[in-house]
Each structure stands twice: as structure tokens, then as C-alpha cells.
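Asker: Dropping the structure in here first, questions after.
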Amino acid sequence: MTKDKIFNWRFCLCCGIFIWFIINLLQGIFTEIQEDEAYYVLYGEHLAWGYFDHPPMVGLMTFLSSIFFSGTLGVRFFTIIASCLSMWVMWEIADQVRNDPMKKSPLLFLVLAYSIVMFNIYGFVTTPDASLILFSALFLLVYQRYLENKSWKNALLMGLFMALMVYSKYHAFLLFGLIVLSNLKLLKDGKFWVACLLALALLMPHILWQVNNDFPSFKYHLAGRNESFRWSYFLEYLPNQLLIFNPFTFGAVVYVLIKYRSNNAFERGMRFILVGFFFFFWLMAFRGHVEPHWTIVCVIPVVVLVYRKALIDEKLRKYAKFFILPSLLLVLAFRILLLTPLADRFGYHGKEPYYKAIEQVAGDRPVVFRGSFQEPALYHYFTGKESSTLQCYYDRMTQYDLWQFDKTWIGKPVFICGPVNGRSETYYVGGVEVEGFLSDDFSSANRLVTTFNIINAKSDKTPVFHQGDTLRIEFSIHNPCEAPIDFHHKDFGMVIKAHYLPSDAFSYCFYKKIIEIDPQATYQGQLYTIVNEEVSIGEYRFNLGIGDRIASFVTEKSGVKIRIEP
């Protein structure tokens, strides 16, 4: 009887994970690539110890997938494997009574895991979250065992999985912090500190990459994403969380958190992760838009806590049977929807014809897009050809600003894709409309490096100017490219502008016209600009940008703090 029961629960669990694998495999093959995935494909083609937006794990996953498969499976295969492993590890965490098959319910566990909408998406879509879930689950499994047996093996494994979590996504730091807050005794535990030191040692290549590139990821995530407060960001957060976790499953979580207290340090840690992630990112809504999936690592405590309490709570089991289980039909319907043209609004359908049409217009020329990092990535994915992006001063930096592919295209034929006043044409290819223009001699201000000093600034702290005042400026412009930059180019003629950030206000600069800057050369000069009426009263980061008809690019990101008074 006992052997049959053991066989039955193992067979049920293995069948459930195998079904999960098959569904995700088919979905991964037949669902069109998502725009961020195309960006991560480029990560895999240019392996490094770090990238502007994320740590390197997602690039490694796309690289490994491409070794074994082509097409969408060449992007998603290792994500699908990681999702299956994540489910197995979550079962190992949730299964408290390993020697009593009568107290196991793999079907209940599978229903809970299947019900979480975003876990379904990250079962086949390649993002940094897929590996974060896997390594977070492995870390929590080892942490649970460490609390039972503080062996060196468990301590070293914790250190390993700490590092792998950080290599997946920086949200790992929040999870570490919440675990420590839930169990402050760890701060007196020597083996735990050894685990932290091991993680730090394993992360040294990534840390050195950040140092060598002037910490681009940390600057972006800590400050670069800040926006002005909007009530919509704050109010949309809770509905978004309900949707990604499934409203019925979310309701079960709230019930568990209210009715039950933690039985031990591990469950307390799981509750800290769940509540901590939820409220931390709700507070982040005060500084800008919060992506719903940023809390996806909470899938682990959601499944584990609800499963454990449902085993001892008949009401919760009935709730799972009559509400969570039927909701799987809605989840399945959503997954089917992603295979249809209706998925266009979610970014999973209809992109390929557009980028194939661009290829017909561009031929073998590299394609330069304006502002978007996703468009050049999609173009490269669908065509295999070169592409990049030009950023305006109000666009955020991306990995393209570190790769700088466009530096090698100076003086060569390109296709500029997008509307450019007085220059773009409209091309029709097989019913698809493409806007842009062909240039036989590409030039760009994006890679020029500008430094400056306001000569008539009267204060070492925050210089004060007034509308109508003239600012006299010493400046230098360095050309790091291997070709000259022509400031009077017929397609990309350049002007220098004074920008008052973060507003959109700017004023033109008056200076001795620059004709051309030779490769690896630096131009030095003086200019002046008048503070016009568009610059309202307040404090600004004053900066110089170079407009090249395609984009106005601020080349010294820090700028100089000034104040405009009446």
C-alpha cells in the first residue's frame, strides 16, 4: 500500500511537470518572439560579464539555447528547462513530510503552480526572471536545509546560489535582505558570512565589469528610471498584481497570511519575501512605473505557503478545488490567445512582416532606428543583419551605447528608419508601410564626447542666471570614431544646443562654425548661448547636446547645476 502511494505521488508529480514541459515547448515554438527577447538574443551573441540593463545570465541562456536549436526555440529552450526545474525545486521546498506519502498532494501543488499567470508566461518566454526564479528556489531550498543542518556543504551551496541569483537579476539583493531581516541570527552565524564571501568572490567578474564600464547598470536602476509621480502608477499596481498572480490564488495567499502565523524561521522568511516584495515595489510606484513582473519571485512563497496550509485546512482545499482549479481554464485561454493575431497588443504577434519589409528597402545596408532599443533587436532577429539605434537626450541609455556598432558605419551607406523632417520617404513593400531614407554617407553625433565649463558662472555652488542672460562657455568635442565627423553633412548637419534638463527646454548656441573633426581628434573652442523665455524659473542640469537632424544627444550626462531666477 505504501509503495503504491509513493509510486502514485511521484508518478503524478512527474506527469504534471512533463505536461508543463510539453505545453511550454509547444508554446515556445509557435508563439512569436517578444521584443525584449530579441534584445536578449543579442546579449547571447555578444557574451560578456554584464550588460547595461541586466546581469549576464539571460545572455548565457539565449547563447546555450542557440547551440542546440534555431528559431524561437533557439531563444527559449533553456528557459523552458529552467521552468520545469523551478517547479521541481518548489515541490522539494513545499514537501515538509517526506516520509509520509499520505500527507502529499502533488495534484494540489500542480494546480497552484499552474494557476499563476506570470509563471505560465515565464515558462517559455526568455527574460532574466526565468533564471531568477530557478536560482531563488534553489537558494531557498538550501536555506531551509541549512536551518535544519548548518553544515559546510549547505553553507557553500547557499553562497553559490546567492551568486547565481545576482547573475540573473539584481532583485536578488532584495530577497537576501528580506531573509536576513526575517532571521537576524544569521548575522551572528560565521558560516553564513562565509557563504556571503563566497558569493562575493564568484561575483567579482561582474563587479569588475561594472567598474570598467562606470557602473552603468547601477546608475540606471537606482536613478535612471526615476520619473515624476503619477497617481496612475500607484493605483494600477494592485490590479496588476492580482492579474499576474491570478485573483483566486492571490485571495488564497491573503487568507493564509491573515489566518496563520509562521511555524518556524523558514516560513517566516517566506512571508517576509512575499510581503516585502509586494510593498517594496508598491512604494517604488512613487518614483515611476512599476512593471508587474518585478514581484514574480514571489511565486515561490505563494505556492509553498498556500500548499502547506491547504494540506491542513479543509476550507482552503475546497477553495482551491472550486475556485483556483476552474481558473486554469482562463489561464489556458490566455495562453491560446498568445498564439492568435489578438496577441498583437501583448507584443507576441505580427512583427515579422514589418521588419522583413525594412530589409527589402535597406538591402545589405545597416539599419539605424531612432530612440528604440527593441526595434533594432527585432530587425536583427528577423533578418540577421546589422542594426543599431540613435538616442535623443530624453531617451535612456541602452546596451547599444556600450556596443556602439554605429561607430564603424561612419562614412558608409545606411538606411535611417523612421520619420525625419524634410528627408524621410514612405516605401510600400507588400502592403507594409516603411518610413525612412537611404544615405550613402552615414554620420552621427551620438558617439562624440563633449566637455564644457561655464566661464561667467559667479558661484562655486549653484550659479544663478536670469532669462535673457548670456552664458559664455569653453568646450571641447572629441571624435572617438575611425572616420571624420562632418558638421555640414548634407543628411546629418549638426548644431550645438544648450539643454536645461529634465525639462524639454533648449536654446541654440552661437559659436565659430566647426567644419569637420578628424578621427580620434579633439576640437576646442568657445561659444555663448542666451537663456530664452522657454526656460522657466527653477533649478536645472545645464548641458550641451549636439543635434544631427536625427537626434539631439547630450554627450556629458552629468551636466552643471544652475538656477534660473526672475
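Asker: Would you list the strands (runs of 3 or more DSSP E) that sit entirely within segment 527-566 and hold 1 or more residues that are modelled with pLDDT of 85 or more?
Answerer: Hits in segment 527-566: 538-547, 560-565.
Asker: List every residue pair whose Cβ atoms sit under 8 Å apart, with the two residues 6 or more apart in sequence or on different chains, where the first one lies in segment 347-359 and is over 15 Å from residue 434 (Cβ atoms) and the second, anywhere, is buried (at least 18 other Cβ atoms within 10 Å of the Cβ) and at pLDDT below 85.
Answerer: 349/343
Asker: When you go through 369, 346, 382 one by one, which is the residue that is exposed (fewer than 15 other Cβ atoms within 10 Å of the Cβ), under 30 Å from residue 27 (Cβ atoms) and outside the structural domain of residue 485 (by TED's automatic domain parsing)?
Answerer: 346
Asker: Given segment 83-151, what helices (runs of 4 or more DSSP H) lie entirely inside it while holding 2 or more residues that are in contact (Cβ under 8 Å) with a residue 12 or more places away in the chain and touching a Leu at 6+ places or on another chain (Cβ under 6 Å)?
Answerer: 106-115, 128-148
Asker: Of the residues 308, 345, 335, which single one is under 21 Å from residue 133 (Cβ atoms), under 30 Å from the mean Cα position of the chain (by Cα) and either of a type outside the set (Gly, Ala, Ser) or outside any helix (DSSP H, G or I) (or both)?
Answerer: 335
Asker: Let me ask another. Inspect segment 281-291 for any residue being surrounded by 18 or more Cβ atoms within 10 Å (Cβ to Cβ), in contact with a Ser or Thr (Cβ under 8 Å, 6 or more places away or on another chain) and in a helix (DSSP H, G or I) and give the result as yes or no.
Answerer: yes
Asker: Related question: Looking only at strands (runs of 3 or more DSSP E) that lie completely in segment 396-460, which have at least 3 residues being farther than 20 Å from residue 214 by Cβ and in contact with a Gly (Cβ under 8 Å, 6 or more places away or on another chain)?
Answerer: Result: 414-417.
Asker: To continue, here is another question. With a cut-off of at least 1 residues that are touching a residue at least 60 places away in the same chain (Cβ under 8 Å) and of a type in the set (D, E, K, R), name the helices (runs of 4 or more DSSP H) lying wholly within segment 160-275.
Answerer: It comes to none.
Asker: For residue 465, work out the one condition from (1) within 17 Å of residue 565 (Cα to Cα); (2) assigned to a strand (DSSP E or B); (3) under 39 Å from the mean Cα position of the chain (by Cα) it doesn't fulfil.
Answerer: Only one criterion in (1) within 17 Å of residue 565 (Cα to Cα); (2) assigned to a strand (DSSP E or B); (3) under 39 Å from the mean Cα position of the chain (by Cα) is unmet by residue 465, namely (3).
The values are calculated or read from the model by the stated rules, or taken from the named source; none is laboratory data. Note that the structure is a prediction, hence the values are computed from the model and not measured. When we count neighbours, we look across all protein chains shown, and the Cβ atoms used for this are built from the backbone with ideal geometry, even at glycine.
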